[in-house]
Amino acid sequence: MAYKVDFKEVTTNGLESSPVATALAGLRANEARYYWNKFKHEFVTVPAAEDPATLKWIETILAERDMHFPYRPLEVTSFEIDGTKFAYVFYENGLAVNVMYALAADGKRAVGFRLSDGMEIPAEFAGKFKFARQRSKLAGTIRGSFFVIKGDY
């Protein structure tokens, strides 16, 4: 069932099984606020089981860097704005992965990682990525990193 993320009244709908559900919900709301303020786009997520194609696409891109996460995906979303495809997956452990993929051959393409407030840096990132910190009223302290996508997907 689709869930329109509300960034004014943050709820843990769909994320209740996460040990950092409140922080992950804040992180999801932070992303929803960004897309609303920048593009007037409503951020709608669905349970990962309802959209396996989006999850598969993100996992295929992550495989470019030999990244395979054992975490349970809770929610995903995928949408296109101004010639760029965006996709997100929110994992039970508090990790959020987003893909920004320009459809034009010469456009920007990257994968971003965001760690919910209170979660440890996963072992898969040890020594590979440095995380910058960002303060958010909705999500507390967000730690993030990214890599540039080299392949075509």
With only Lys, Arg, Asp and Glu charged, each at its Cβ (+1 for the first two, -1 for the last two), find how big the charge dipole of the stretch 23-152 is about the Cα centre; round to the nearest 20 debye.
600 debye
How large is the direction-averaged shadow of the alpha-carbon convex hull of the stretch 79-153, in nm²?
6.0 nm²
Pick from ALA25, ALA105, ALA53 the residue whose mean-square fluctuation is largest in a GNM of the chain, springs joining Cα atoms under 10 Å.
ALA105
For the stretch 1-104, which whole percent of the accessible surface, found with a 1.4 angstrom probe, sits on carbon and sulfur atoms?
53 percent
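Report the charge-dipole magnitude of the stretch 72-129 in Debye, nearest 20, computed about the Cα centre from +1 at each Lys and Arg Cβ and -1 at each Asp and Glu Cβ.
160 debye
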Beyond 22 Å, what share of the Cα-Cα pairs of the stretch 1-140 is found? Please give it as a whole percent.
35 percent
Counting helices only, and only those DSSP H runs with n ≥ 4, report the 222 nm mean residue ellipticity of the chain as the sum of -39,500 (n - 2.57) divided by its residues, in deg cm²/dmol to the nearest 500.
-6500 deg cm²/dmol
Looking at PHE39, ALA132, ALA29, which one has the Cα that reaches farthest to the positive end of the dipole of the stretch 25-152 (charges on Cβ: Lys, Arg +1; Asp, Glu -1)?
ALA132
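The values are calculated or read from the model by the stated rules, or taken from the named source; none is laboratory data. In this text the structure is predicted, and so the values were computed from the model without any measurement. Cβ atoms come from the backbone with ideal geometry, glycine included; neighbour counts cover every protein chain shown. Surface areas here come from the heavy atoms of the whole protein model, side chains and all, with no ligands, DNA or RNA. Shrake-Rupley method; radii C 1.70, N 1.55, O 1.52, S 1.80 Å.
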